[in-house]
Amino acid sequence: MNHADLALSHFQEGFSCAQAVLVAFAPDFGLDRDLALKIAAAFGGGMGRTGGTCGAASGALMALGLKDGATRGEDKTTKERAYSRAREFLEQFQARHGAITCPGLLGHDIGTAAGMEAAREQGLFKSFCPRLVEDAVKIVEEMWARDERVE
């Protein structure tokens, strides 16, 4: 199963957008599935259902961190690369979808009861969010494919 299919499968099982994206890349880094799901558990719904940054984007940023993250505090070069990669991802995600926050993407502030109810009534979590999950995975894959061509 490819990354996008794995992410969509997890999302359809009821995992959050953030969990679905991160867990799709976990095997590539030897990260235990359950641990990946726990790490990303609070990031869905725009960070704990506050309507902040889209969980699919957050999961993708975590995956990018697995590849490009610093493991030594003094490693400023690697830190800067990770920040640069995060900005690159977010710019691409926003260019494709017009926003990076849940309210901007869904048209409803899911950090409020009324906004959450409206998004549910419109079926956005089942009809729109899967596209965001899939696209977040694809952007990460495209970035990594470009890296391989450059190296």
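The values are calculated or read from the model by the stated rules, or taken from the named source; none is laboratory data. What you see is a predicted model, and the numbers here were worked out from it, not measured in a lab. Cβ atoms come from the backbone with ideal geometry, glycine included; neighbour counts cover every protein chain shown.
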Can you confirm whether segment 104-123 contains a residue that is of a type in the set (Val, Ile, Thr) and over 30 Å from Gly30 (Cα atoms)?
-> yes
Does segment 103-110 contain any residue that is outside any helix (DSSP H, G or I), surrounded by fewer than 16 Cβ atoms within 10 Å (Cβ to Cβ) and either modelled with pLDDT under 95 or not polar (S, T, N, Q) (or both)?
-> yes
Looking only at segment 113-120, decide whether some residue is out of contact with any Leu (no Cβ under 8 Å at 6 or more places or on another chain) and surrounded by 19 or more Cβ atoms within 10 Å (Cβ to Cβ).
-> yes
Enumerated helices (runs of 4 or more DSSP H) restricted to segment 39-102, each holding at least 3 residues that are surrounded by fewer than 16 Cβ atoms within 10 Å (Cβ to Cβ) and either of a type in the set (Gly, Ala, Ser) or out of contact with any helix residue (DSSP H, G or I) (no Cβ under 8 Å at 6 or more places or on another chain) (or both) = 76-97
Within segment 18-27, can one find any residue that is surrounded by fewer than 22 Cβ atoms within 10 Å (Cβ to Cβ), aromatic (Phe, Trp, Tyr) and within 18 Å of Arg146 (Cβ to Cβ)?
-> no
Find the residue count for segment 6-17, including only residues that are surrounded by fewer than 21 Cβ atoms within 10 Å (Cβ to Cβ), part of a helix (DSSP H, G or I) and without any contact (Cβ under 8 Å) to a residue 40 or more places away in the chain.
-> 2
Can Arg146 be described as free of Cβ contacts under 8 Å to residues at least 24 places away in the same chain, over 15 Å from Ser16 (Cβ atoms) and either touching a helix residue (DSSP H, G or I) at 6+ places or on another chain (Cβ under 9 Å) or buried (at least 19 other Cβ atoms within 10 Å of the Cβ) (or both)?
-> no
Would you pick out the residues in segment 122-151 that are among the aromatic types (Phe, Trp, Tyr), within 12 Å of Leu105 (Cβ to Cβ) and in a helix (DSSP H, G or I)?
-> Phe125
Only one of Ala118, Ala70, Ala113, Ala82 is at negative phi, in contact with a His (Cβ under 6 Å, 6 or more places away or on another chain) and without any contact (Cβ under 8 Å) to a residue 24 or more places away in the chain; which?
-> Ala118
